[in-house]
Amino acid sequence: MGDNLRLKVLRTFKKLHRTRMETFQGDDHALQVTRNKLNEEYKKYKNVTNPAAIEELNKFAEEVEHELRTTVIQAVETKPGTFELRLTADKLIDSVPYKDEECHSSNKNADLSISTSKDKPK
């Protein structure tokens, strides 16, 4: 494996570990489980020598890091039945605020059927 490719793999490995530490901060069990799983997966593929296969595996690892960083939310029970969510700017990238009202589209050709909780089934 070339030095450049080796550096990319190592950089992604470290980034995955930093992301897991940030995502599961304060949850020792989740931190240990994810640490073991990451190390296990990297050890499983350590003997791959084909540069194209290594690139593909590294791309997959980068996608996993992105999903972990942007979609996994940690919830902590503060009192029975009440949970506190740890949200970061990364978690809110694709979020759209919920509005309990009809959408008025500027595109007159669009046929959108929007149902809200106030609507009765037809």
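The values are calculated or read from the model by the stated rules, or taken from the named source; none is laboratory data. Note that the coordinates shown come from a computational prediction; the quantities given were computed from them, not determined experimentally. Virtual Cβ from ideal backbone geometry, glycine too; neighbours counted across all protein chains shown.
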*Quick check: is even one residue across region 74-81 surrounded by 11 or more Cβ atoms within 10 Å (Cβ to Cβ), within 19 Å of the chain's Cα centre (by Cα) and modelled with pLDDT under 90?*
yes
*Could you grab the pairs with beta carbons closer than 8 Å, sequence gap of 6+ or different chains, first residue in region 43-72 and farther than 21 Å from R20 by Cα, second one part of a helix (DSSP H, G or I) and not polar (S, T, N, Q)?*
V48/I54; V48/L57; P51/L5; I54/L5; I54/V9; E55/L5
*For residues in region 22-48 being within 15 Å of V72 (Cβ to Cβ) and in contact with a Leu (Cβ under 7 Å, 6 or more places away or on another chain), which is modelled with the highest pLDDT?*
L38
